[in-house]
Amino acid sequence: MSHNERFPASRYGPVERKMAESLVELESRILAGETEEDCDCKEGMFNGLSRRGLLAGGLAMGGAALAGGRAAAEAPPGAQEYYVQPDPTKEQGRIILDDGGYGSRSQFENEVRWRYPTASLDSSWSMTPLASGHGVITPSGLHFERHHGGIPAIDPETHTLVLHGMVDQPMRFTMDDLKRLPAVSRLHFIECSGNGLTEWVEPTLKTVQGTHGLTSTSEWTGVRLSTVLEMAGIQDSAAWILAEGADAAVMTRSVPIDKAMDDAILAYAQNGEALRPEQGYPLRLLLPGYEGNTHIKWLRRLEVSDKPFMTREETSKYTDLMPDGTARQFSMEMDTKSVITFPSGAMKLPRAGFYEITGLAWSGRGAITRVEVSADGGQTWQEAQLEGPVLPKCHTRFRLPWTWTGEEAVLQSRAVDDTGSIQPTLQELVEVRGTKSVYHLNAIQSWHIAANGEVTNVHA
Ligand SMILES: Nc1nc2c(c(=O)[nH]1)N[C@H]1C(S)=C(S)[C@@H](COP(=O)(O)O)O[C@H]1N2
Ligand SMILES: [Mo]
């Protein structure tokens, strides 16, 4: 199928199409790297990146992975190359704090985020390698990214958050002011509503990193937004609040005041340490379950109002054109969704026999109550086991023991949340949403297992 049919102009604007096309190219280049002669993973289930594939990925990232004096580039990003003892019981291991005291991952682990190869390096995405993840927490260094104007370096000593508009007492907070207030720590996913946008018309990207990698989960720590709103005193007619970032994009979104008073967090920490710069250091807005775009990073201003602000990101962008020509606006809550991460696209099952099928399920409206798995393309379903604790608006790990007979199979997962919302098939979703929008694809994902064990992305 040509890219024009795959990304038809009725659904994809020129920007989305270009982005989707280049992502397809990038993924195939990275996968091609794996077949180079230095790859020892051809027969492996997980089809990890070869070092060469990694370099290709690194170059696509604008050489970033090669910068910083690591000329030899022996160890993968985030790792250091150490001497490997032939028998580690016969000599001392390396000395403590050799790495300066922060630590690094094993030199044998090499998964990295992929960047959507957009035209510019500062307005871009990167995607979480979901296939190699464990449990529900995304390592901070692998959290997906979406930046509209690059990643600013902000000094927390001078950064402030201004709160004004329809409040009794306008306020300005330093980071120290915020850190004195009562804090909460919560696990929540963030998902970009563009996650899966290449997949509407035909199965397009080959890996789960490509099809689903714009969602990640962290433990976020910060002050509840309701705490500072109560301090400032919001006026009776207050209904919306504008959040503004301090990046070059000056990203702005309007948030309903009920959400702001409910579970919104002014987050300054992620997975037990300060936010990563990529995630909005020193301060970001966390709106559990809402589409990623609303989680304003590098947060510097909040303005309370009686109406939404109709910013660019909630009018020309992040709206969904419906079949009747009207647009859904403020489609905030991320829909119930799940995906099998093992086995998933571009892997190869070595032989028939036992495997544990596993994946992630999540809903922006509440907690996952049930995930069912099918191995026959949706004809029969079996309930998977949910790994507890099952938290609201958070990735939930599911598992199901499976014996592969060695015959062709189509694996699918279908999630249900505690509002009763059931993950739809792609056909059901298109019947409701039509063919004119690219955001909010939460359809059931299908992975085809061929008789030789190869796993591919299909529409079933
Ligand atoms: N200031 C600012 N906030 C922002 C953005 C941005 O470009 N600038 N991108 C948004 C989008 S579209 C998404 S999906 C999330 C991504 O958050 P992450 O990069 O931490 O994964 O941040 C949102 N917040
Ligand atoms: Mo996004």
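Here's the picture: charge each Lys and Arg Cβ at +1 and each Asp and Glu Cβ at -1 in the chain, and of GLY100, PHE330, THR425 the one pushed furthest to the positive end of that dipole is PHE330. If I model a spin label at ALA239 and ASP87 as a point 7 Å from the Cα along the Cα→Cβ vector, what separation in nanometres do I get? Label at ALA239, label at ASP87, 7.8 nm between them.
Taking the fewest neighbouring Cβ atoms within 10 Å as the starting point, the ordered list for TRP114, TRP125, TRP381 is TRP381, TRP125, TRP114. What is the distance, in nm, between label points placed 7 Å from the Cα along the Cα-to-Cβ direction at GLU16 and at ALA153? Result for the modelled spin labels: 3.7 nm. Only Lys, Arg, Asp and Glu carry charge here, each on its Cβ (+1 for the first two, -1 for the last two); on that basis region 337-458 has a dipole of about 420 debye about its Cα centre. As a rough footprinting exposure proxy, the listed residues MET166, MET261 were ranked by other beta carbons within 10 Å of their own, and the order from fewest upward is MET261, MET166. Phi angles of region 399-408 translate, via the Karplus equation with coefficients 6.51, -1.76, 1.60 and θ = phi - 60°, into HN-Hα couplings of 9, 8, x, 8, 10, 7, 6, x, 9, 3 Hz per residue; Gly and Pro are given as x.
Net charge of the neighbourhood of PHE7, taken over other residues with C-beta under 10 Å away and scored Lys/Arg +1, Asp/Glu -1, is 0. Equivalent ellipsoid of region 337-458: semi-axes from √(5λ) of the C-alpha gyration tensor, largest first, are 24, 18, 11 Å. Near HIS188, the amide H atoms lying under 5 Å from its own belong to SER218, TRP220; only residues 5 or more places off or on other chains count, and H is placed 1.01 Å from N. Restricting attention to the chain, lysine pairs at least eight places apart or on different chains and with alpha-carbon atoms under 14 angstrom apart total 5. Its Cα centre serving as origin, region 160-328 has a Cβ charge dipole (Lys and Arg +1, Asp and Glu -1) of approximately 420 debye. Work out the FRET efficiency for ASP98 and ARG365 from their Cβ-Cβ distance, taking R0 = 51 Å, and round it to the nearest 0.05. Once the sixth-power term is evaluated, E becomes 0.60. Each residue of region 349-357 was assigned a 3J(HN,Hα) from its phi angle through the Karplus curve 6.51 cos²θ - 1.76 cosθ + 1.60 (θ = phi - 60°); the sequence is 6, x, 6, 5, x, 7, 9, 9, 6 Hz, with glycine and proline shown as x. Residue-normalised convex hull volume from the C-alpha trace of the chain: 164 Å³ per residue.
Laboratory data are not the source of any read-out in this text; all were calculated from the coordinates shown. Bear in mind that the values here come from a model prediction, so they are computed numbers and not experimental data. With ideal geometry, Cβ positions are generated from the backbone for all residues, glycine too; neighbour counts draw on all protein chains shown.
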